[in-house]
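Nothing in this text is a laboratory measurement; each read-out follows from the coordinates by a stated rule. The model shown is predicted, which means the values in this text are computed figures rather than measured ones. Counting neighbours? That spans all protein chains shown, and the Cβs are built from the backbone with ideal geometry, glycine included.
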Amino acid sequence: MRRGPVFFGGETMDRKRFAREENRPRAQRSLHMKSVIRLTVLAAALLLSACASSRNLDDSFADLSGNAELKSVLFSDRTHDYGDVDITLYEGRLLLTGTMPTEAGREKLIENAWKAENVKEVIDEVFIGDGTSMGQGFEDARIDNALRLKLMTDKDVVGSHYKIAVSGAVVYLLGVARSEAELDRALELARTVAGVEKVVSHVALPAPAKL
């Protein structure tokens with residue numbers, strides 16, 4: 001007798017497909033889920049800010065392409081577990097956050113990062129240590145979502161010019177601010193999110209206009 005589909009929270013998934021998903025490497029499954037969430041958030045951000053932002057769609061989708069290319073490189077390397085590493089790319093600047101269990105793994109991660117065609121700079125914020133606990137992972141996700149909402153709704157900040165990574169309650173900001181005043185406002189918004197322990201800025205300022 002043919003068995004019917006398995007139900008998960010109102011959605012159906014074929015048993016064989018579910019088995020294949022469970023057998024995927026943990027690093028690949030973890031990065032895949034993070035990618036789905038971030039793609040959804042980015043799509044919404046682009047729609048909300050397309051009229052007000054000076055950052056065009058080509059730049060945004062180039063970041064997505066670079067992310068996909070880099071992840072394919074990481075997935076092909078089965079010697080290390082990248083499941084607790086976050087990849088954040090903004091116009092060729094790659095921010096690596098999270099933890100790796102060994103220094104050798106961190107060095108391999110950085111080596112692989114430079115292999116992606118669209119990467120022009122690698123910013124290493126990866127620590128050596130145990131992976132993020134489930135509880136801390138939920139807390140980091142809450143902080144991430146709260147800050148994204150603040151940046152997208154604040155009238156003094158162009159939210160689409162910023163990328164966020166949160167690891168161990170530390171917020172990392174990447175992007176380009178229109179001015180020092182806007183950057184100060186973005187940092188203030190990050191510091192005032194409940195649960196944030198530290199804010200690290202890798203946000204660039206525009207080059208001075210030539211006279």
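The table below gives the values:
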{"item": "Calculated FRET efficiency for the pair Ala141/Ser179, C-beta based, R₀ 35 Å, to 0.05", "result": "0.70"}
{"item": "Förster radius 22 Å - calculated FRET efficiency between Ser76 and Glu121, Cβ distance, rounded to 0.05", "result": "0.45"}
{"item": "Förster radius 25 Å - calculated FRET efficiency between Ser201 and Trp114, Cβ distance, rounded to 0.05", "result": "0.60"}
{"item": "Listed peptides 192-203, 128-139 by packing density, highest first (mean Cβ within 10 Å)", "result": "192-203, 128-139"}
{"item": "Label-point separation in nm, Ser133 to Ala104, each point 7 Å along Cα→Cβ", "result": "2.9 nm"}
{"item": "For the stretch 105-211, Kirkwood radius (reciprocal of mean inverse C-alpha pair distance, Å)", "result": "15.3 Å"}
